[in-house]
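Note sheet for the following structure.
Quick note: the coordinates plus some simple rules give every number you see, no bench work behind them. Worth saying up front: this structure is predicted, and the values here are computed from it rather than measured. Note that each Cβ is placed from the backbone with ideal geometry, even for glycine, and that neighbours are counted across all protein chains shown.
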Amino acid sequence: MSHLHRRRNFLKLSVLGATAALPTACYRDALDPPTLSEEASARFFPQSVASGDPRPDSVVLWVRALDPDQPELASEVELVLAFDEGLNDRVALSGTGVMITSADTDHCLMVQVGRLEPGTTYYYRFLYRQLNGVAQSRVGRTRTAPKADSDEAVRFAVMSCQDYVGKYFHVARHIAEQDVHFVLHLGDYVYETTGDPTFQSQNGPRRVTFSAPEEALELARGDATFLAAQSLSNYRDLYKTYRSDPDLQALHESHPIIAIWDDHEFSDDCHGDVSTYLDGAKDEASPRRRAAADQAWSEYMPVDYTPRSDDSQSVASKLDKDGEFPNNFTIYRSFVFGQHLELVLTDLRRFRPDHLVPEDAPPGAVFLTAADAAELLEEAPPDLVPYVDLESFADGAYHQALTENAEAIGVTPEALTGDYSAVWINGALAALPGVDVPDPIDVEDPELPRGYAYHSLLKSQQFSRVGSRYALAVRPFEALAAKRWKESDGQSENLMGKEQREWFLSTVADSTRTFKVWGTEICFQSRHVDLTEIEAAPPELRTLISISAEDWDGFPNERRALLKELSAAGNVLVLSGDLHCFFAGTPFVDGDEDTRVVELTTSSVSSTTWKDGIGSTLSDSGMVPAAVTALAQNIELLLGNTTRRPNPHLAYQNLESNGYSVVEVGPSDVLMNVHSLGTSYVATPPEDLRQDLDDLFEREIFRTRKDSAQLEREDKGEYLTWSRAEMSFK
C-alpha cells in the first residue's frame, strides 16, 4: 500500500520562532499597498484561521489562503503575531517570513511557532499581498500551555460529532464565548456522507455539495440514494464546507484546538482502511480512500507533527508520506498542562482489528461448541442450542433443501456448510410455505451436540449490523470474545495496536501530573439493557443485550485489562464522545468495584442524538420486532433499571440533548460542567433563535476528587456521591 501514500503530497509544517517584541512601526511602510476591506479580504481566507496543539513554548497556526480568481496559482502569505488583539505589541519571528500555499495542499498552511512564553495569550493574523492591496485574515486568538511547574487550574471544553447537513453549530458558537485554555475535539469533525436519510436531510440550505460528485461513492438506504466522500477532492469539500460555517470559525478564532479523529473522518464504523456500509456483502477495504481522508485531515486540522527532544512532552504524532499504512500516520499524543493535568489522546480507528462478529456470518452457523464453553467459561451456559453437521445430517436432506432455497431464506449457498443450529434450520424451512421440505429436527434430542450459533447473538440475517455491531446478546457474545481472545493471544481486541498500546500505558503509568485525562473517541463504560422480565419483548429477546459492539462494549477483555492498568495508575479520568449523548459513571471490573475509573461521555455538537438514532436504526433495519422498537422509547428506564442492575456504574444519562462539556482540572479535584442543548434548537438557524444563546443551554455539574475514583453530582450547592449499590446519588 505504500505506493498509494507516496503519491500523496502531504502538507509541510512550516516552523518559525519568536524572538522579541517589535514596535508596530517595524511592520509599516509608506509604500505598502492599501489594506482591503474586511469583506474583500474574506474572499482570500474563506475558512478564516485556526490554531492547535498548544505547548508551553509553541503552538500551531493554520490558514487557508488563495486568490479566488486564480485558484491554480500559489499564494504568498505572511504572519503577524502579537500580545494584543489590536496587533500593536508585535512579536518578531525568525525563519521564513513569506510562506507559500498551493493547490497541492488545497492552499492550506500550517505554521508551528516556537520559543513562545508559557501560559500566554497571543493574537495573530495572516496577510496576503496582491496588486490591489493587502488582504487580511480575521484576527485569531490562541494560548500556550502553562509551564510544567504551574499550579494553576486548567479549563478546557470537550466536543465531538458535528454533522453539518441540516443542522447548525450553536454549540461551537457557545464554546467560542467561554473562558477556556483550549478545546478538545474527540472526533467526527466532519461526516463523510451528505444526504444519508437515516440521519441527514436530503434538501435544504445546510448541505454538502461535492465539486466532483462523479468521484464520490454512491450508496442507498431503501429507495433513497446519497453520496459519501471517496476522493481527495470530496474529502476536501467536506472540510471547506464545514469550516465555512461562521460559528465554527468563531470557535477556531477564539481558542486553540486539540483534535483526534473517529470514524466519520473516513467512513462510518470503519476499522483500519475498511468501510462497513455493505455489512460484509462485499470487501470494502479501500487504501486509496483512506489515504485521501488522511490527507484532507492533515491539511485542515492544526496538529503539530514536529519531533521534540523534550522528554517532559510525550509526543508520538507523525506524518510520513512515504511510510506504509497504518504506521505512516499516527495522531496519538499527550500534552502536559502544569502540575495537575496530562492529557493523553489515543487513536482507536486506524490500528483496530475487525469487529468480533462478522457482519456476513450466517445466523445458523455455530461459532462455539459445548466443549469450547467448558474450556473458556466458569459454568456451562444454559442457552446453548442443538446443532447438526449440515452436509452429513440426514444424508444431506436439510442441506439440499436449504441450498435450493438459499435466496428465499437470505443466505448465500456457499455459506451453508459445517455445523448449523437445528433451531435455525427449523425456522428457515418453516418460512418456506408451499415448498416440500424435510420434517423439523427434534431439538429436544439429547444426542444432538449443543453450542452457540450466530442467531444466539440476535443475528437474524446474514449481512447485517444488527446482531454483529449492534444489539447483541451479552452472554454468547462474551463467550465468542473469550474464544477469539484466547486464540489470538489478545490481539482480537487490541484496538490500539502494539506500539500505541505500549506508549499509552507507559505514558499514563509514568505521568507525574495530579490527574491523567484519557481523551478517547469511543465510550469506555458498558451500556446494557436487560429484557429478561419484559413481557412486551419477544421470547428470543428476553435476555441481557449490549446495545453496541462497535465501541468498548465490543471488546470486553481488552477493556478489563486496561481498567486494571488505569485504576492502578490512579486519578484517571476518561473523556469520550461518539454516542451523541451524555453519560457519566464509574466503570469497574466485574466483581471488583475498587478497580475503576471515572468517565464522562460528552454529547454531539449537532449530530442526531443517541435515543433518536437508536429508534431510527431499529425502525429502518427491518430486522427487529416492532415491540423492541417501542421499548427503545424507554431506553433510559432500561439502562437505569435498579432491579436487574445492568449498569450499576452508570450514574447519569441524558440521551436526548446535544451539547458539550467544560472540564476544570485543579490540584484537588476535577469539575465537569455539562452544557446540554435541545435538539429543536440545533435544527434552527441562528437568525431564527428567539432567545439569547446562553439561555438555551441547561447545565449539570459533576466532580471527582483526587485519590477517590468516585463521581459526585452537584445538588443545591452540595455534592452527592454515586452509590453503585443503590444506583443513586447519596
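Please give me the summed charge of the neighbours of Tyr652: other residues whose Cβ is under 10 Å from its Cβ, Lys and Arg +1, Asp and Glu -1. Here the count lands on 0. A straight Cα-to-Cα reach below 16 Å connects Lys240 with none of the lysines, residues fewer than 8 places away in its own chain not being considered. I'd like to know which of Gly451, Ala373, Gly434 lies farthest towards the positive end of the charge dipole of segment 366-462, counting +1 on Cβ of Lys and Arg and -1 on Cβ of Asp and Glu. The Cα lying farthest towards the positive end belongs to Gly434. Segment 642-692 to segment 155-192: how many Å between their Cα centroids? About 13 Å separates the Cα centre of segment 642-692 from the one of segment 155-192. In order along segment 223-238, the Karplus-derived 3J(HN,Hα) couplings, from 6.51 cos²θ - 1.76 cosθ + 1.60 at θ = phi - 60°, round to 8, 9, 10, 7, 10, 10, 4, 9, 9, 4, 4, 4, 5, 4, 4, 4 Hz, and Gly and Pro are given as x.
Shown is the FRET efficiency for Gln400 and Ala374, computed with R0 = 45 Å from the Cβ-Cβ distance and rounded to the nearest 0.05: 0.85.
Can you tell me the order of 165-171, 593-599 when each peptide is scored by its average per-residue count of other Cβ atoms within 10 angstrom, highest first? Please list the in-between numbers first.
Values: 165-171: 23.6, 593-599: 20.0.
With the highest mean Cβ count within 10 Å placed first, the list reads 165-171, 593-599.
Residues in segment 427-440 carry Karplus couplings, in order, of x, 5, 6, 5, 7, 10, x, x, 9, 6, 10, x, 5, x Hz; the curve used is 6.51 cos²θ - 1.76 cosθ + 1.60 with θ = phi - 60°, and Gly or Pro positions show x. Centroid-to-centroid, using Cα positions, segment 516-533 and segment 324-368 are 15 Å apart.
Taking θ as phi - 60° and the Karplus parameters 6.51, -1.76 and 1.60, the scalar couplings of segment 535-551 work out to 5, 6, 7, x, x, 5, 9, 7, 7, 7, 10, 8, 5, 9, 10, 8, 10 Hz in sequence order, x denoting glycine and proline.
Residues whose amide H falls under 5 Å from that of Leu184, counting only those 5 or more places apart or on a different chain, are Ala157, Val158, Met159, Ile258, with hydrogens built in the peptide plane. Which percent, to the nearest 5, of DSSP beta bridges fully inside the chain are antiparallel? Roughly 80 percent of the DSSP beta bridges within the chain come out antiparallel. Restricting the calculation to Cα atoms, segment 366-462 shows an Rg/Rh of 0.97 when the hydrodynamic-style radius is the Kirkwood one. Look at where the Cα atoms of segment 92-144 and of segment 33-68 average out, and the two centres are 6 Å apart.
Of His355, His675, the sequence from fewest to most neighbouring Cβ atoms within 10 angstrom is His355, His675. Peptides 51-64, 283-296 ranked from most to least packed by the mean count of surrounding Cβ atoms within 10 Å: 51-64, 283-296. Under a 5 Å amide H cut-off, with hydrogens placed 1.01 Å from N, His264 pairs with Asp188 among residues at least 5 apart or on other chains.
So, with +1 on the Cβ of K and R and -1 on the Cβ of D and E, and no other charges, what is the size of the charge dipole of the chain about its Cα centre, to the nearest 20 debye? Intermediate results must be reported in sequence, preceding the final value.
Working: 66 positive and 116 negative charges, 469 e Å.
Dipole of the chain, to the nearest 20 debye: 2260 debye.
Sparsely packed loop sites in segment 410-467 (the GluC sites (Glu not before Pro) outside DSSP H, G, I, E and B with at most 12 other Cβ atoms within 10 Å) comprise Glu444, Glu447.
Return the loop-located trypsin sites (Lys or Arg not before Pro) in segment 648-714 (DSSP other than H, G, I, E, B) with at most 10 other Cβ atoms within 10 Å of their own Cβ; answer none if there are none. Don't jump to the answer; show the numbers that get you there.
Working: sites: Arg690, Arg699, Arg703, Arg705, Lys706, Arg713; in loops: Arg690, Lys706.
For trypsin sites (Lys or Arg not before Pro) across segment 648-714 that sit outside H, G, I, E and B with at most 10 neighbouring Cβ atoms in 10 Å, the list reads Arg690.
What is the packing order of peptides 513-521, 719-727, 553-561, taking the mean over residues of other C-beta atoms within 10 Å and listing the highest first? Walk me through the numbers before you get to the answer.
Numbers: 513-521: 23.7, 719-727: 15.2, 553-561: 20.2.
Result, highest mean first: 513-521, 553-561, 719-727.
For the chain, the relative contact order comes to 13 percent (Cα pairs under 8 Å, sequence separation of at least 6).
Taking amide H atoms as placed 1.01 Å from N in the peptide plane, the amide H of Val15 lies under 5 Å from those of Gln112, each 5 or more residues away in sequence or on another chain.
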